[in-house]
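Have a look at the structure below, then the notes.
Derivation of every value follows stated rules applied to the coordinates shown; laboratory data play no part. As the structure is a computational prediction, the values presented were derived from the model and not from experiment. Here Cβ is always computed from backbone atoms with ideal geometry, including for glycine, and neighbour counts include all displayed protein chains.
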Amino acid sequence: MRRYRVFCRVFCRVFCLALCLATLAPGATAAGIPAPYAALVIQPAGMPARYEFDLSAALARARRENKRLYVYLGASDCPYCRKYEAFLDQNAQELVPQFRPQYIVVDLRSALSVSANQLYIRIGDRSLAYADFQRSIGDERARMLVYPSVWLLDAYARPLMQMPAGTGTFQTVPEQLEILRLEQ
Amino acid sequence: MRRMHFIGRLLGLAAGGLGVAAPQADSAVGGLPGPASHADSSPEWESLRDRLFPSRPVSATPGVVQIVAPLRAAYGASVPIKILSNLPQTPGLYVKRLTLVVDKNPSPVAAVLDLTLEVGQADFETRIRVDEYSHVRVIAELSNGQLHMDSRYVKTSGGCSAPPNRDALNLLGKTLLKLPEPVTMNRPTTADVTVLHPNDTGFELNQVTVMYIPAHFVRSIKVSFADRKVFDADLDFSISENPTLRFNFVPHGRGELKAEVEDSKDGHWTGTLAVL
């Protein structure tokens, strides 16, 4: 009986460890930029009327650290977001050293149900709906909100280059590197 | 023993869960075409070249004509394209024709621009649809018969099946001309012509009827100034909705800038602008 209790204790530890590993494993279904990228996660505020993402702190940090922002907008229920996140996860060893010296990765956590007129971006005391924000920075993607989306911004929220809708065109390591190098 | 078996199954499930949760892909997500350089050819272009310019050499030496296009566009349905000519339009030698090709589009010849000296400088801007990763190329035919080409590889897709904006179909065909910069007499002056038109490709699925919306697009735009031809453009649905061309013309005095438009269903419209 005592041996059985010991076995159960060991089993529980092993089982819990296995579950934890499963959660953290590459390709796990948890939403968001994978941990190795040390992303600054921003949750929306002002719900349910609006889903407002405040970039102020991220921009302030970018100015302090003399870095750029790699702003990722993902949705918790978006399969294409999971694909891109899995790609980042599977190639973290190669990609993280390329991201880290130049970029602060910012992870905006949204959902597919959040439409363009509900999604707001705040910078300082200015909060703009998605399309207005896009127009304000001269981004051509004002017409349609697509999940996932990526913006490359300097520390003053100026776009570094026009990004495509979605992430499908940079889901290989060489193409992701093209993006980081701002190849147009 | 039964307990041991149960524990074993639980551990097996946990281990199985871990295995399922951690697939290691051999290749990157997407399965998209491999790398290509801007100057590469393609089977589509090789075939098209033989039909468009049979037995004629096409020089790819940089210098005469240049195409500017983004490596990745915001949307495949609206890829900004700029054609720059390094040759002034002089009677001795000028750009006679520009052909814009999207290798992998269902209809690859997007535009053929038949130019005159009245263009002054053979530079054009427009927006095109790109249906899949493809080279976009411009071929300039000079008045001496030489052909010069430049190309760019564009990574985008879905341009030909994306729905255009149909909010203002009552304005279909309305042709607008404007001058973004002040007029300079006897010098190339920039102008824009825009035709309000969905430029339907025939590859867009109607989500209600599950039928393809038939092709209906602007076929040609003929631009003149003071009754003198500036250029004729033969167009295709590879040009984005609300087809727009930015071009140059040389005003020698007051006159009317005119654009005559025809679409694939024999619609005809005219837009004019008085140039003072």
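Given Cβ point charges of +1 (Lys, Arg) and -1 (Asp, Glu) and nothing else, what value in debye, to the nearest 20, does the dipole of the stretch B:106-236 about its Cα centre take? Don't skip to the answer; put the middle values down first.
Details: 13 positive and 17 negative charges, 34 e Å.
Roughly 160 debye, rounded to the nearest 20.
Can you tell me how much longer the chain between B:GLU125 and B:LYS82 gets when fully stretched, taken as 0.36 nm per residue apart minus their C-alpha distance, in nm with one decimal?
Values: separation 43, 0.36 × 43 = 15.48 nm, distance 0.44 nm.
Between B:GLU125 and B:LYS82, full extension yields 15.0 nm more.
Over the whole of A:74-87, what's the average partner chain Cβ count within 10 Å per residue? Rounded to a whole number, please. Working shown, then result.
Working: counts 0, 0, 0, 0, 0, 0, 1, 0, 1, 2, 2, 0, 3, 4.
Counting Cβ atoms of other protein chains within 10 Å of each residue's Cβ and averaging gives 1.
Find out how many positive minus negative residues lie around A:ALA31, taking Lys and Arg as positive, Asp and Glu as negative, among other residues whose Cβ is under 10 Å from that of A:ALA31.
Working: positive: A:ARG82, A:ARG109; negative: A:ASP77, A:GLU85, A:ASP107.
Summing Lys/Arg as +1 and Asp/Glu as -1 gives -1.
Given points 7 Å out from each Cα along the Cα-Cβ axis, report the B:ARG187 to B:ALA226 separation in nanometres with one decimal.
Spacing of the two 7 Å Cα→Cβ label points: 1.7 nm.
Please give the charge dipole size of the protein assembly as shown, origin at the Cα centre, charges +1 on K and R Cβ atoms and -1 on D and E Cβ atoms. Round to the nearest 20 debye. Write out the running numbers ahead of the final one.
Values: 50 positive and 45 negative charges, 485 e Å.
Here the protein assembly as shown has a charge dipole of around 2340 debye.
Any idea which of B:SER59, B:VAL119, A:MET161 is furthest toward the positive side of the dipole for the protein assembly as shown, if Lys and Arg beta-carbons carry +1 and Asp and Glu beta-carbons -1?
After comparing all options, I get A:MET161.
Which translational diffusion coefficient, to the nearest whole µm²/s, is obtained for the protein assembly as shown from the Stokes-Einstein equation, given a Kirkwood hydrodynamic radius over C-alpha pairs, 37 °C and 0.692 mPa s?
Values: Rh = 25.3 Å.
For these conditions, the coefficient is 130 µm²/s.
Starting with the fewest neighbours, write out A:THR172, A:THR167 ranked by other beta-carbon atoms found within 10 Å of each beta-carbon. The partial results should precede the final answer.
On the way: A:THR172 19, A:THR167 27.
Neighbour counts put them in this order, fewest first: A:THR172, A:THR167.
Straight-line reach from B:LYS258: which aspartates and glutamates fall under 12 Å, measuring Cα to Cα and dropping same-chain residues less than 8 apart?
Here the aspartates and glutamates satisfying the reach criterion relative to B:LYS258 are B:ASP192, B:ASP227, B:ASP232.
If I take R0 = 56 Å and measure r between the Cβ atoms of A:ALA57 and B:ALA274 in this structure, what FRET efficiency does the formula 1/(1 + (r/R0)^6) give, to the nearest 0.05? Intermediate values should be presented prior to the final figure.
Details: r = 54 Å, r/R0 = 0.97.
The computed FRET efficiency comes out at 0.55.
Starting from the Cα of B:LYS104, draw a straight line to each of the lysines and keep only those under 24 Å, dropping any in the same chain fewer than 8 residues away.
The qualifying lysines are B:LYS82, B:LYS155.
In vacuo Debye scattering of chain B, one point per C-alpha: log10 I(q)/I(0) at q = 0.09 Å⁻¹?
With one equal scatterer per Cα and no solvent, log10 I(q)/I(0) is -0.48.
Go ahead and set up a Gaussian network model of chain B, Cα springs under 10 Å, then flag whichever of B:GLY159, B:GLY92, B:GLY202 fluctuates most.
Of the options given, B:GLY92 has the highest mean-square fluctuation.
Using bins 10 angstrom wide from zero, how does P(r) for the stretch B:97-216 break down, in % of all Cα pairs?
Reading upward from the zero bin: 11, 31, 34, 19, 4, 0.
Which of B:MET149, B:MET211, A:MET47 comes first, and how do the rest follow, when ranked by fewest Cβ neighbours within 10 Å? Don't skip to the answer; put the middle values down first.
Numbers: B:MET149 22, B:MET211 8, A:MET47 11.
Ascending number of Cβ neighbours within 10 Å: B:MET211, A:MET47, B:MET149.
Count the net charge of all other residues whose Cβ sits under 10 Å from the Cβ of B:THR175, scoring Lys and Arg as +1 and Asp and Glu as -1. Display every interim value, and only then the final one.
Working: positive: B:LYS174, B:LYS258; negative: B:GLU260.
With Lys, Arg at +1 and Asp, Glu at -1, the neighbours total +1.
What distance in nm separates the simple spin-label points at B:LEU169 and A:ALA49, each placed 7 Å from Cα in the Cβ direction?
Label at B:LEU169, label at A:ALA49, 3.8 nm between them.
Taking the Cβ-Cβ separation of B:ASN206 and B:GLU260 as r and a Förster radius of 51 Å, what is the calculated FRET efficiency to the nearest 0.05? Show your work: numbers first, answer last.
Values: r = 31 Å, r/R0 = 0.61.
The computed FRET efficiency comes out at 0.95.
Quick one: Karplus J couplings for the stretch A:87-98, per residue in order, coefficients 6.51, -1.76, 1.60, θ = phi - 60°, nearest Hz, x for Gly and Pro?
Taking θ as phi minus 60°, the curve returns 4, 4, 5, 5, 10, 4, 4, 7, 8, 3, x, 7 Hz for the stretch A:87-98.
Taking each residue of A:165-178 in turn, how many C-beta atoms of other protein chains fall within 10 Å of its C-beta, and what is the average? Before the final figure, lay out the partial values.
Values: counts 8, 4, 2, 8, 11, 5, 5, 8, 1, 3, 7, 1, 0, 4.
So the per-residue partner count for this stretch is 5.
Treat each spin label as a single point 7 Å out from the Cα along the C-beta direction, and report the B:ALA36 to A:ARG181 distance in nm.
Taking the two extended label points, one gets 2.0 nm.
Helix B:2-21 sits at what angle to the longest principal axis of chain B, using alpha carbons and giving 0 to 90 degrees rounded to 10?
On a 0 to 90 degree scale, this one is about 10.
Looking at the P(r) of the stretch A:27-180, how many percent of alpha-carbon pairs lie beyond 26 Å?
Working: 2154 of 11781 pairs.
Percentage above 26 Å: 18.
About its Cα centre, how strong a charge dipole does the stretch A:27-180 have in debye, to the nearest 20, once Lys and Arg get +1 and Asp and Glu get -1 at the Cβ? If you can, show how the numbers build up before the last one.
Working: 16 positive and 15 negative charges, 69 e Å.
My answer is approximately 340 debye.
For B:LYS178 and A:GLN93, what does the FRET efficiency come to when R0 = 56 Å and r is the distance between their Cβ atoms, rounded to the nearest 0.05? Intermediate values should be presented prior to the final figure.
Working: r = 53 Å, r/R0 = 0.95.
The formula returns an efficiency of 0.60 here.
Starting from the coordinates of the alpha-carbon atoms of the stretch A:72-116, obtain the Kirkwood hydrodynamic radius over all distinct pairs and give the value in Å to one decimal.
Details: mean 1/r = 0.0856 Å⁻¹.
When all Cα pairs of the stretch A:72-116 are included, the Kirkwood radius is 11.7 Å.
Give me B:SER78, B:SER55 sorted ascending by neighbouring Cβ count inside 10 Å, so fewest comes first. Don't jump to the answer; show the numbers that get you there.
Numbers: B:SER78 20, B:SER55 5.
The most exposed by this proxy come first: B:SER55, B:SER78.
Over the stretch B:110-208, what is the mean sequence separation of C-alpha contacts under 8 Å (at least six apart), divided by residue count, expressed as relative contact order in percent? Display every interim value, and only then the final one.
On the way: 110 pairs, mean separation 22.6, N = 99.
It rounds to 23 percent for the stretch B:110-208.
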